[in-house]
Every structure is written in C-alpha cells, then in structure tokens.
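First comes the structure, then the notes that go with it.
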Amino acid sequence: MKHIFSLFSLLFIFLLQSTPTSAQSPAVAPASPGPTNLTAILEKARQFTTFIRLLQTTKVADQIDTQLDTSNQGLTIFAPTDNAFSNLKPGTLNSFTDEQKVELIQFHVVPSFFSPSQFQTVSNPLRTQAGGSEGAFPLNVTANGSQVNITTGVTNATLANSVYSDNQLAVYQVDQVLLPLIFFQSPPPAPAPLKSKKATSSPDSSSGTDDGSPSDSSGENCLSKNQFFAFISSIVLVLLALS
Ligand SMILES: *[C@@H]1O[C@H](CO)[C@@H](O)[C@H](O)[C@H]1NC(C)=O
Ligand SMILES: *[C@@H]1O[C@H](CO)[C@@H](O)[C@H](O)[C@H]1NC(C)=O
Ligand SMILES: *[C@@H]1O[C@H](CO)[C@@H](O)[C@H](O)[C@H]1NC(C)=O
Ligand SMILES: *[C@@H]1O[C@H](CO)[C@@H](O)[C@H](O)[C@H]1NC(C)=O
Ligand SMILES: *[C@@H]1O[C@H](CO)[C@@H](O)[C@H](O)[C@H]1NC(C)=O
C-alpha cells in the first residue's frame, strides 16, 4: 500500500511538471530584447489607421505579437494605407463576414521574413497567414529591381516603401487593399463533412494560426489525462498482481 502511495505521488509530480509546456514558453520569451509592437510601428507611420483598427478588431494584431514573441520564422506584412481602404468599392468591407474580415487581414501577412532583395527571387505563389496551412489564400509577388508588384488574381498592387524592417519583421506599405481571389469564387462543393472530420482529427488546421487558443490546449490536457489514468491503472494492476 505504501508503495502504491509513493508511486501515486511520483506520478502526480510527473503530471504537474509535464502538463504546462505551453505555459513554460512565455517564461522564456522575456529573454529577447523587448517585444516588437506592430501597432506602435504602424501608428508612427500615421497613414494606417483603418488597417490598425482592423488588426485590432479581428485580433490579428495579438496573433502577430504572439508569433513575433514565440517564433523565429519571421513575418512580412503588407500594410494598405488609409487611401487604399477608401479606394475600395463602397460597401466592400461591409459585405464581408466577421470570419472573412479576419481572413482579409491575415491575407496581408506572409509567415516568412522578406527583405526587398529577397522579393527578386521569390517563388510564387506565396502562402499567407489566412486559411491555415491549406494555402487557399495565395498571392504572387513579382519584382524587377526596386519595383515590386503583388497580384492576388483580383487586386494588382504596388509595394510603395518599407515602413519597418528588422531581421524578423518586415512591414511594407501597399497602395491597394489585397482582396483574396477565394472571396470572389463560388464556394467549393460539400465543405460540411470535410469540416467536421477535420475538427476531430486535427484541431489546428481549422483554427488556422490561432496557436495558443484555450480550446486547443484543453484538448491536449484531456488527452494527456486519459493517458495518465490509463498509465496509473496499469501500474496499479501490476502492483496488485505482484502483492
Ligand atoms: C503597442 O503600442 C500601442 C500603441 O502605441 C499601445 O497602445 C499598446 O499598449 C502596445 N502594446 C504592448 C503590448 O506594449
Ligand atoms: C508592375 O506593374 C506595373 C503596372 O502596374 C507594370 O508596368 C510593371 O511592369 C510591373 N512590374 C513587375 C516587375 O511586375
Ligand atoms: C525590368 O526593368 C528593366 C528596366 O529597368 C527592363 O528593361 C526589363 O524589361 C524589366 N524586366 C521585366 C521582366 O519586367
Ligand atoms: C501566381 O503564380 C503561379 C505560379 O507562377 C501561377 O500559377 C498563378 O496563376 C499566379 N496567380 C496569379 C493570380 O497571378
Ligand atoms: C492585373 O494585372 C494583370 C496583368 O498584369 C491584368 O491582366 C489584370 O487585368 C489586372 N487586374 C486588375 C484588377 O487590374
């Protein structure tokens, strides 16, 4: 009985140490020299108030800050000016659902760092942050010297100038709001069975870049608890058999 008890406490300690892996990574982050604040960068440039507002209402700004803090992959952001937003056909933004607004903003974020010279050799199409890992929201970048164009199939934009660049984050001003082609195509057939299947098999493909979402981590906790209890019961069974 004593053995079983000490075994339980050992396992309990093991469980306490092994579960909060996600809580450990933020503790490591403060080692970097202060977080990059995209909102502050854009505010300083003064002509991105609509983009900033949308980054905030869609919570994409939070995702970006988290990514910059926790990943070394780098990000490139195409920031449309206020002028670009006012050049949209009237009612365009309002015609989008809340989900589409999130996708629209994520479409302006490429999950790798590109310096201007790296655009010369980019391999198209480029995957954007929208639509998760499925690449359903691509865009093409073509460059010739200092001239860099972006095309989505709906929008042709020109890269105006660099707003910010370190080795992790590049922010470029663009003269058009980049509209995803998929918004203007007829929806793909029979998405319903595919979606429910994906929700159970791989939660992160449906939630896209929403890495630290609570539903994901609670799902992992459930799994590890089940494994934990299975582990305990087998140990108890072995001990009972031995005694
Ligand atoms: C980022 O900058 C904005 C605007 O300057 C500020 O309101 C916000 O609190 C900052 N966020 C962080 C996490 O420092
Ligand atoms: C960029 O687009 C302009 C037209 O808007 C075109 O004249 C130019 O050739 C394009 N440049 C590249 C590198 O695609
Ligand atoms: C790139 O620009 C040069 C002039 O600066 C032009 O001669 C050349 O045709 C352009 N190439 C492409 C692919 O647009
Ligand atoms: C983007 O580039 C790819 C590869 O070159 C091409 O197949 C695709 O048609 C291009 N899309 C647009 C919208 O230009
Ligand atoms: C974008 O550019 C392509 C070729 O450069 C052209 O065929 C297309 O009509 C343009 N689309 C828009 C919306 O200007």
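The values are calculated or read from the model by the stated rules, or taken from the named source; none is laboratory data. If you're wondering where the values come from, they're calculated on a predicted model, not measured in any experiment. Don't worry about glycine lacking a Cβ; one is built from the backbone with ideal geometry, like all the others, and counts go over all protein chains shown. The protein model used for the area step is the full one, side chains on, heavy atoms only, and it has no ligands, DNA or RNA in it. Shrake-Rupley method; radii C 1.70, N 1.55, O 1.52, S 1.80 Å.
Summary table below
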read-out	value
In the stretch 91-127, the residues that are in contact (Cβ under 8 Å) with a residue 40 or more places away in the chain, assigned to a loop (DSSP other than H, G, I, E, B) and closer than 18 Å to Ile77 by Cα	Phe107, His108, Pro111, Phe113, Phe114, Ser115
Flag for Ala79 being modelled with pLDDT under 95 and either part of a strand (DSSP E or B) or more than 23 Å from the chain's Cα centre (by Cα) (or both)	no
Criterion: modelled with pLDDT of 95 or more and either away from ligand 4 (no atom under 16 Å from the Cβ) or farther than 23 Å from Lys59 by Cβ (or both) - qualifying residue of Ala170, Ala190	Ala170
Test: residue in the stretch 69-87 that is within 16 Å of ligand 1 (Cβ to nearest atom) and either acidic (Asp, Glu) or open to solvent by 30 Å² or more (accessible area, probe 1.4 Å) (or both)	yes
Qualifying residue in the stretch 66-81 (condition: within 17 Å of Val163 (Cα to Cα) and free of Cβ contacts under 8 Å to residues at least 60 places away in the same chain)	no
Search result, residues across the stretch 101-112 that are closer than 18 Å to Pro138 by Cβ and of a type outside the set (Gly, Ala, Ser)	Val102, Glu103, Leu104, Ile105, Gln106, Phe107, His108, Val109, Val110, Pro111
Of all residues in the stretch 30-68 being of a type in the set (Ser, Thr, Tyr) and open to solvent by 20 Å² or more (accessible area, probe 1.4 Å), the one that is nearest to Thr97 (Cα to Cα)	Thr57
Breaking point among (1) under 21 Å from the mean Cα position of the chain (by Cα); (2) farther than 26 Å from Thr49 by Cβ; (3) within 15 Å of ligand 4 (Cβ to nearest atom); (4) part of a loop (DSSP other than H, G, I, E, B), for Gly153	(1)
Some residue of the stretch 168-183 being away from ligand 2 (no atom under 16 Å from the Cβ), over 27 Å from Thr36 (Cβ atoms), out of contact with any helix residue (DSSP H, G or I) (no Cβ under 9 Å at 6 or more places or on another chain) and touching a residue at least 12 places away in the same chain (Cβ under 8 Å)	yes
Leading residue by the ranking (nearest to Gln100 (Cα to Cα)) among those in the stretch 123-148 that are within 15 Å of ligand 4 (Cβ to nearest atom) and open to solvent by 60 Å² or more (accessible area, probe 1.4 Å)	Arg127
